[in-house]
Amino acid sequence: MKKINSFYLLLIAVILTISSCSKEEDIVDGPNNPDIDSSSAVPEFFLSDKMNTPEFLQIANSTQGISIPQDLDFHPKRSNELWVINKGTYNSGGTTVHITNPGQVDQSSFKLKDGNAWHFMALPTSLDFGDNGNWASGTGILDANRRGGKFAGPSLWSGEFDIYAKVGTPYKSGGPNGSHLDMVHQSPYAMGVAHAFDNAYWIFDGNNSNIILYDFGQPHVAGGSDHDDVILKRFTDVQVEKELKLLPSHMVLDKNTGWLYIAETANSRILRFNTKSGSKKGSMNPDPYEIVAEYSEYINGETEVFIDKGILSPVGIEIREDRLFVSDYENGDIIAYNLTDGSEIGRVQTNTKGICGINISAEGQLFYVNMISNEVVQIIAK
C-alpha cells in the first residue's frame with residue numbers, strides 16, 4: 001500500500017452506463033473532462049480488467065491517532081475536511097480525527113476528545129453530518145452511565161472547532177458538561193445513524209430492535225441539559241437486529257426518494273425502509289429521568305429486503321447518484337449496486353478484514369476505515 005508522501009495523482013472516475021440494448025463506458029469527472037461537475041462524480045471499479053484495478057492509498061493510521069475507527073464523513077461546509085470517529089474503550093469514550101485535504105501532498109490532521117466523551121461518546125458506532133454542519137453519533141453501549149441500566153442513545157454535536165471538544169473541555173465541576181448539543185437516552189446500542197433533515201436523524205436502535213427518528217429540534221447550549229423539545233418517532237414494525245459482537249450497522253437516506261438503506265449486519269443483508277410511509281398508533285412513555293416533547297409509536301412502515309446475496313457482514317453504506325456502495329467487514333469487499341433494483345454492478349476486493357464506514361468525497365473518491373488495521377484508506381480508480 002502506498003504512503004501519502006509518495007502520492008501524486010490525477011483521478012479519472014469512470015461511469016458505466018447500462019441500457020437494455022447496449023453497454024458503453026463514458027469518462028466522467030476529473031481533469032480530462034472539465035465540463036463535468038466534479039460534485040456528480042461516481043466511483044466505479046472494474047477488476048475484470050487489470051488496467052482498471054484500483055490502488056489503495058493509506059492516508060492515516062495509528063500515527064495520526066486512528067484507533068478502532070468506526071465511521072467517517074466529510075464536513076458539508078468544508079468539503080476538504082474528513083472526520084473520523086474512533087471507538088475508544090469502555091472506560092474512555094470515543095475520539096475524533098480530522099483530516100484536511102485527505103490524500104493530497106499538503107494533507108494535515110489532528111485528534112480531539114470531548115470533555116465528557118465517556119458519556120456522550122460512549123463506544124461510538126457511527127457519524128453522520130447534517131446539511132447545517134451539526135452531526136450525530138451513535139453509542140454502542142447499554143448504559144452510558146455504567147450503572148447497570150438501559151440509558152444510552154445518539155448525541156448531537158457541532159461541526160465547529162470553537163465549540164466541539166472545546167466547550168467543557170476539559171470537564172470542570174459546575175461547568176458545561178462537555179460540548180455536546182443534545183443527547184436523548186431512549187436507544188441503547190445505537191448501531192447506525194443517518195441524517196434526515198435539520199437536526200433530525202434516523203437511528204438503528206439495537207436494543208429495541210427497530211428504527212426510530214430523533215428530531216432534536218433546537219439544540220440546547222453546548223454542554224447543557226435541556227431536551228424538552230425533542231420529538232421521537234419509533235417505527236416498531238421496522239424490525240432490525242444488532243450484530244452479536246456489536247459491529248456497527250450503518251444507514252444512509254436517499255433524500256430524493258425517502259428510502260432509508262440499512263446495513264443489517266447480523267443477517268447479512270441490506271434492508272430499505274420507506275420513510276414516507278407509516279401511521280401514528282399512539283403515544284409511548286420514555287424511560288425514567290427523561291422529558292421529551294413527543295414520543296410516538298408508528299406502524300405500517302413499508303420495509304423490504306433490498307439485497308441478501310453475495311454479502312457476508314455489511315457495515316458501511318453510501319449513496320452516490322444511482323449507485324449504492326456497501327462495505328463487507330468479513331471479506332473486505334466494497335460492492336457497487338444499482339440503486340434501482342439492487343443488482344450488483346461490480347466490486348473491489350481489498351482482501352482486508354475489518355472495513356467499517358465508507359464515504360465518498362465531492363470529487364467522487366471513495367474512502368474507508370478499517371477497525372482492525374487502524375487505518376483510513378483512499379481508493380484510487382485508475
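Between the alpha-carbon centres of region 90-137 and region 290-312 there is a gap of 26 Å.
In this structure, GLU241 and ASN101 have a Cβ-Cβ separation that, at R0 = 30 Å, corresponds to a calculated FRET efficiency of about 0.15.
Looking at the chain alone, DSSP beta bridges between its own residues are antiparallel in about 90 percent of cases. Could you tell me which of ALA194, TYR164, ILE66 has its Cα farthest along the dipole of the chain towards the positive end, charges placed at Cβ (Lys, Arg +1; Asp, Glu -1), taken about the Cα centre? About the Cα centre, the residue reaching furthest to the positive side is ILE66.
In this simple spin-label model, placing a label point 7 Å from the Cα along the Cα-to-Cβ direction at both ASP229 and ARG269 gives a separation of 4.0 nm.
Per-residue 3J(HN,Hα) values for region 125-136, derived from phi via the Karplus relation 6.51 cos²θ - 1.76 cosθ + 1.60 with θ = phi - 60°, read 10, 7, 8, 8, 7, x, 5, 7, x, 7, 8, 10 Hz in sequence order (x marks Gly and Pro). Restricting region 110-170 to trypsin sites (Lys or Arg not before Pro) that sit in a DSSP loop and have at most 12 other Cβ atoms within 10 Å of their own Cβ leaves ARG147.
Over 16 Å apart: what share of the alpha carbon pairs of region 193-254 falls there, rounded to a whole percent? So the pairs more than 16 Å apart make up 52 percent of the total in region 193-254. Modelled this way, with points 7 Å down the Cα-to-C-beta line, the labels at GLU344 and LYS280 are 4.4 nm from one another.
May I ask you to derive the FRET efficiency for LYS172 and LYS77 from their Cβ-Cβ distance with R0 = 35 Å, giving the value to the nearest 0.05? In this case the efficiency is close to 0.70. Mean separation of Cα pairs under 8 Å and 6 or more residues apart, divided by the residue count, gives region 56-380 a relative contact order of 14 percent.
Packing around the peptides 249-255, 332-338, 127-133, taken as the average count of other Cβ atoms within 10 Å per residue, puts them in this order, highest first: 249-255, 332-338, 127-133. Once you reduce region 169-223 and region 257-283 to the center of their Cα atoms, the two points are 19 Å from each other. Think of the chain as having a plus end and a minus end, set by charges on the Cβ of Lys, Arg, Asp and Glu; of HIS180, ILE311, ALA362, HIS180 sits farthest toward the positive end of this dipole.
Database remark: amide H of LYS281 closer than 5 angstrom to the amide H of GLU297, TYR298, ILE299 (H placed geometrically; neighbours at sequence offset of 5 or more, or on other chains; Pro and chain starts carry no H). The dipole here belongs to region 279-337: it is taken about the Cα centre, uses +1 on the Cβ of Lys and Arg and -1 on the Cβ of Asp and Glu, and is about 140 debye.
Return the single residue from GLY223, GLY342, GLY93 with maximal mean-square fluctuation; model: Gaussian network over the chain, springs between Cα atoms under 10 Å. Checking each option, the largest mean-square fluctuation is seen for GLY342. Database remark: amide H of ALA144 closer than 5 angstrom to the amide H of PHE151, ALA152 (H placed geometrically; neighbours at sequence offset of 5 or more, or on other chains; Pro and chain starts carry no H). With R₀ fixed at 41 Å, the C-beta to C-beta distance from THR63 to ASN91 puts the FRET efficiency at about 0.95. Note on region 56-380: dipole from Cβ charges, positive end direction compared against GLN239, TYR90, ASN300; the farthest Cα belongs to TYR90. Between TYR289 and PHE161, the contour length at 0.36 nm per residue exceeds the alpha carbon distance by 43.0 nm.
The charge dipole of the chain, taken about its Cα centre with unit charges on the Cβ atoms of Lys, Arg (+1), Asp and Glu (-1) only, comes to about 1140 debye. Would you mind counting up the charge near GLY354? Only other residues with Cβ under 10 Å from its Cβ, with Lys and Arg at +1 and Asp and Glu at -1. Around GLY354, the charge tally is -1. Diffusion of the chain by Stokes-Einstein, at 4 °C in a medium of 1.567 mPa s and with Rh set to the Kirkwood radius over alpha-carbon pairs, works out to 62 µm²/s.
Coordinate-derived values only; no laboratory data. Note that the coordinates shown come from a computational prediction; the quantities given were computed from them, not determined experimentally. Because the Cβ atoms are built from the backbone with ideal geometry, glycine has one as well, and the counts that use them run over all protein chains shown.
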